[in-house]
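Here is the structure we will look at.
What follows draws every value from the coordinates through simple rules; no lab data is involved. Predicted model, so just to flag it, every value in this text is computed and none were measured. Cβ coordinates were reconstructed from backbone atoms using ideal geometry, including for glycine residues, and neighbour counts include every protein chain displayed.
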Amino acid sequence: MKTKRSAFTLIEIMIVVAIIGLLATIAIPSLKHALTRSQQQACAVNRKNIDGAKLAWALDHRQPPEVVPTEADLFGEQGYLEHKPNCPAGGHYSLNAIREKCTCSIFQHFN
């Protein structure tokens with residue numbers, strides 16, 4: 001008595017792998033673009049928060065627009081923000097003068 005074994009053929013497995021590969025080539029660039037865009041947006045929000053803290057500090061301490069606040073002035077328990085935000089892409093923020101906007105060291109995070 002022969003029993004019938006049910007299994008996938010090599011051709012069927014190769015077709016499934018090819019379809020998965022095709023879907024991955026379509027999805028991965030889209031995911032990378034979405035990740036980059038979300039990092040840019042989070043960085044912009046961080047920079048706006050820092051600019052707001054700089055302005056509040058300058059008004060509270062009656063400082064002229066040319067003054068550059070230190071990190072200790074803006075961040076910490078006694079500061080205007082609890083901690084200095086981190087760029088999601090690993091960049092570093094430059095505080096700059098009160099009249100200038102905060103900048104990020106990552107070139108793609110246009111200011």
Checklist entry - Which one of ASN86, THR25, THR36 has its Cα pushed farthest toward the positive end of the charge dipole of region 11-104, where Lys and Arg give +1 and Asp and Glu give -1 at the Cβ? => result THR25
Next on the checklist: Could you check the spin-label model distance between LYS84 and THR9? Points 7 Å from the Cα along Cα→Cβ, value in nm.
Outcome noted: 6.5
Item to check | Value of [θ]222 nm, deg cm²/dmol, for the chain, DSSP H segments ≥ 4, -39500 (n - 2.57) each, nearest 500 | outcome: -17500 deg cm²/dmol
Item to check | Calculated FRET efficiency for the pair ILE106/GLU77, C-beta based, R₀ 25 Å, to 0.05 | outcome: 0.30
Checklist outcome for this item: Once amide hydrogens are built 1.01 Å from N within the peptide plane, the residues lying 5 or more places from THR103 or on another chain with amide H under 5 Å from its amide H are SER94
Checklist entry - What angle do you read, to the nearest 10 degrees and between 0 and 90, between the alpha-carbon axis of helix 10-60 and the longest principal axis of the chain? => result 10
Next on the checklist: Per-residue counts of other Cβ atoms within 10 Å, averaged by peptide: what ranking do you get for 64-72, 94-102, highest first?
Outcome noted: 94-102, 64-72
Checklist entry - What size of dipole, in debye to the nearest 20, comes out for the chain about its Cα centre when the only charges are +1 on Lys and Arg C-beta atoms and -1 on Asp and Glu C-beta atoms? => result 860
Checklist entry - If you work out Rg/Rh (Cα atoms, Kirkwood Rh) from the coordinates, which of (i) 1.46; (ii) 0.96; (iii) 1.00 do you get? => result (i)
